[in-house]
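Beneath this line is the structure, given in structure tokens, with notes to follow.
The values are calculated or read from the model by the stated rules, or taken from the named source; none is laboratory data. Predicted model only: the values in this text are computed from it and were never measured. With ideal geometry, Cβ positions are generated from the backbone for all residues, glycine too; neighbour counts draw on all protein chains shown.
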Protein chains: 2
Amino acid sequence: MPYQDGTFGCPVEVGLQRISGKWKPRIIYELLQETRRFGELQRLIPDVSRHVLTTQLRELEKDGIVNRTAFLTMPPKVEYSLTDFGKSLEPILEQMIKVGEHYISLQKNETNNTGS
Amino acid sequence: MPYQDGTFGCPVEVGLQRISGKWKPRIIYELLQETRRFGELQRLIPDVSRHVLTTQLRELEKDGIVNRTAFLTMPPKVEYSLTDFGKSLEPILEQMIKVGEHYISLQKNETNNTGS
DNA sequence: CACAATAGTCAGATTTTTATGACTATGTCA
DNA sequence: TGACATAGTCATAAAAATCTGACTATTGTG
């Protein structure tokens, strides 16, 4: 919803807000590989709690990034996949990986140089 | 610092963490235009408090994204600019803007359709 | 009957992030 | 002398995000 002045906020902030969340980029990354069930995502991302995983998936769904398909079998089965828009986030993720690798390589150098 | 198992964490998370922060993308965006003084940034981003602006600038400096140049004049003058690495973030910001604009255009449509 | 599996929900606690307002230093201007 | 400007710091409060552990439903298996 727009502000009182009719603007919609800074696009950078709006965009970033949609993929912010401790686990969202990671979830998107896993779904870029292939469709996953809820339990698979839990196993792939072991540090996320069930609750937060649910919450973040729901938000991603609301924001048109993931599709949720529930099979009313017993036990239940729920599959998550990326929407076309979700797939369009791949370049951002790739660039973010480069940024991350930049920092990781810095950390590796720090670790190697034992201050001699 | 690496984990006990020798890994350095998911690069996506590492990268995103460095530019996460309510105002960091906006700060980077402003500095992509040109070097700015502290007070200018405050005026350009009126909703950020002095304290948080300072904090986020310090983190960006620590993470090698911005340069801080203090002139010991009176009254003091401090200039912030992007490092080369900071400038390399421009494509990410641009793509994030596209994502943000996508959502903003959705909101505009919602606003126009009064549910007829 | 008890137990396992799936995909959750929920309340409450904890942690992290952001906001608020008071305070600092120093020199110039009136 | 008192006020103003710059670029902050600091303590505390409030808000947002995340974590934890208990709980749900249903069917199949032993």
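Total residues in the range B:53-77 satisfying the condition of being under 15 Å from residue B:39 (Cβ atoms) and among the β-branched types (Val, Ile, Thr): the figure is 3.
Taken over the range A:73-91, residues that are in contact with a helix residue (DSSP H, G or I) (Cβ under 8 Å, 6 or more places away or on another chain) and at pLDDT below 95 amount to 0.
Considering only residues that are among the charged types (D, E, K, R) and crowded, with 16+ Cβ neighbours inside 10 Å, which ones fall in the range A:31-58? Please lay out each step first, then the result.
Step one: of the range A:31-58, the residues among the charged types (D, E, K, R) are A:34, A:36-37, A:40, A:43, A:47, A:50, A:58.
Residue satisfying the conditions is A:36 alone.
Close Cβ contacts (under 6 Å, 6 or more residues apart or on different chains) running from residues in the range A:52-79 that are part of a loop (DSSP other than H, G, I, E, B) to residues that are more than 13 Å from DNA strand D (Cβ to nearest atom) comprise A:64/A:83; A:64/A:85; A:65/A:86.
Would you be able to say whether some residue in the range B:79-101 is within 14 Å of another protein chain (Cβ to nearest Cβ), within 18 Å of residue A:19 (Cα to Cα), within 12 Å of DNA strand C (Cβ to nearest atom) and of a type in the set (Gly, Ala, Ser)? Taking every residue of the range B:79-101 in turn, none turns out to be within 14 Å of another protein chain (Cβ to nearest Cβ), within 18 Å of residue A:19 (Cα to Cα), within 12 Å of DNA strand C (Cβ to nearest atom) and of a type in the set (Gly, Ala, Ser).
The set of residues from the range A:34-51 being out of contact with any Leu (no Cβ under 9 Å at 6 or more places or on another chain) and either of a type outside the set (Lys, Arg) or not in a helix (DSSP H, G or I) (or both) comprises A:34, A:37, A:39, A:40, A:44, A:46, A:47, A:49, A:51.
Output the number of residues of the range A:34-55 satisfying the condition of being within 13 Å of chain B (Cβ to nearest Cβ) and modelled with pLDDT of 95 or more. Before the answer, list the steps.
First, pick out the residues of the range A:34-55 that are within 13 Å of chain B (Cβ to nearest Cβ): A:44-48.
Subset that is modelled with pLDDT of 95 or more: none.
Residues meeting the conditions: 0.
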